[in-house]
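Take a look at the structure below.
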Amino acid sequence: MSYENIIFEVKEDGVGLLTVNRPKSLNALNPQTLDEINNVLDVIEKEQSVKVLVITGAGEKAFIAGADISEFPKMNSLQAYLFAEKGQRLFFRIEQLPIPVIACVNGFALGGGCELAMSCDFIYASDKAKFGQPEINLGIIPGFGGTQRLARLVGRAKAKELCMTGEMISAEEAKAIGLVAKVFPAESLLEETLKIASSLAKKSQVAIRAIKRVIDEGIGSDLRSGCELEANTFALTFVSEDAKEGVAAFLEKRKPNFKGGFTS
Ligand code: COA
């Protein structure tokens, strides 16, 4: 599939870089862009060569300024429901991808942009980035999971305040409330993000995938069940080739060379 609205490249170190590329409309998400991102996820799942995915926006101004508002006048209530469902399905897929997904937020992350970023494992932001759920100003509410993921990430009260006021917050404030993991100067954001993504690609992929699954599944259950899942998964990683290599490398005072896989 050739893409019109995104650029997807896989670097030598196994880091995939997906750039939403509609800078004239601040990378707003129209249905075709959602389909193209969905296709990238198909490719990643099928080929298994991408170890870490980084998602960013083209241009200097925006990560993604939301769903494409120019599509809204064409939609009736049912079509609006189907559009929300389409976005939600895609964002669940991003969240459930077995590899780490990092949002590299280079500018406005509003509405669907903030929602897409929140479906990633964590967010790195430029010091010029702005976050918000401004749907209230259009007389609607977030539709791509924003009310739910924001409340889970920053707490109910702050999520209600952000969704009800539609206020935009700075990258630093987003970091202070736990939405953003790190803030970098705009000029070095992509480079720093790719550096960290590359370092994740060199770690044990068995352990990385296990961490993602255990945290995501565990947080949705009670503490005791989550810890049980952790103990079981700990035992599973313990017998991996990577664990043998990691422990041996530590004892031999050398760097580990992880290859993935389990002993039979
Ligand atoms: N959907 C469609 N087009 C959008 C868009 C969106 N979500 N966000 C921005 N654009 C378009 C603008 O219409 C404009 O197009 P034009 O040049 O053809 O007029 C272009 O992107 C640049 O945006 P502009 O508003 O001129 O830039 P700005 O710097 O003055 O403001 C924002 C930037 C992000 C504050 C403003 O564009 C905005 O509020 N966007 C909508 C955000 C939103 O409500 N998102 C949730 C949608 S559910």
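Sorting the segments 8-20, 117-129 by their mean number of nearby beta carbons within 10 angstrom, highest to lowest, gives 117-129, 8-20.
Seen against the Cα atoms of the chain and their longest principal axis, helix 31-47 is set at about 10 degrees. Electrostatic tally near G261: other residues with Cβ closer than 11 Å to its Cβ, Lys and Arg +1, Asp and Glu -1, net -1. Identify the residues of segment 36-64 with backbone N under 19 Å of a label point that sits 7 angstrom from the Cα of I177 along the Cα-to-Cβ direction, or state none. Flagged as within label range: 63-64. Both radii are taken from the alpha-carbon atoms of the chain; with Rh as the Kirkwood radius, Rg/Rh is 0.99. Taking the C-alpha atoms only, the angle from helix 205-219 to the longest principal axis of the chain is near 50 degrees. Taking a straight Cα-Cα cut-off under 28 Å and skipping sequence neighbours fewer than 8 places away in the same chain, the lysines within cross-link reach of K74 are K24, K61, K86. As a test, work out the antiparallel percent of DSSP beta bridges whose residues both lie in segment 1-147, rounded to the nearest 5. Looking only at bridges with both residues in segment 1-147, the antiparallel portion is about 20 percent. Placing a label point 7 Å from the Cα of K160 along the Cα-to-Cβ direction, no residue of segment 112-131 has its backbone N under 15 Å from that point.
Measuring nothing but protein heavy atoms, the accessible surface of segment 33-109 at 1.4 Å probe radius is 52 percent carbon and sulfur. Computed on segment 103-172, with alpha-carbon pairs under 8 angstrom and 6+ residues apart, the relative contact order is 37 percent. Per residue, the convex hull spanned by the Cα atoms of segment 119-264 measures out at 149 cubic angstrom. The relative contact order of segment 74-132, computed from alpha carbon pairs under 8 Å that lie at least 6 residues apart in sequence, is 34 percent.
Among beta bridges from DSSP that stay inside the chain, the antiparallel ones total about 25%. Annotation for segment 16-65 versus segment 130-181: alpha-carbon center distance of 21 Å. Our estimate of slack between K74 and K195, defined as 0.36 nm per intervening residue step minus the Cα-Cα distance, is 39.3 nm. Remark: the K259-E12 segment gains 87.3 nm on full extension, using 0.36 nm per residue and subtracting the alpha carbon distance.
Solvent-accessible surface of segment 205-251, taken per residue with a 1.4 Å probe and all protein chains present: 69 Å². The residues of segment 6-201 have, on average, 46 Å² of accessible surface per residue, using a 1.4 Å probe with all protein chains present. Listed by chain and number, the aspartates and glutamates placed with their C-alpha closer than 18 angstrom to that of K160 are E115, E135, E173; residues fewer than eight positions away on the same chain are left out. Estimated from helical segments only, the mean residue ellipticity of the chain at 222 nm is -15000 deg cm²/dmol, where each DSSP H run of four or more residues counts as -39500 (n - 2.57). Of all lysines in the structure, those lying under 21 Å Cα to Cα from K259, and not within fewer than 8 positions of it along the same chain, are K11, K46, K51, K195, K202, K203, K212, K244. Helix 156-165 axis versus longest C-alpha principal axis of the chain: approximately 30°, rounded to the nearest ten.
The values are calculated or read from the model by the stated rules, or taken from the named source; none is laboratory data. Here the structure is a predicted model, which is why all the values come from computation and not from measurement. Reconstructed Cβ throughout: ideal geometry from the backbone, glycine too, with neighbour counts over all protein chains shown. Accessible surface is based on the protein model in full, side chains and every heavy atom, while ligands, DNA and RNA are left aside. Shrake-Rupley method; radii C 1.70, N 1.55, O 1.52, S 1.80 Å.
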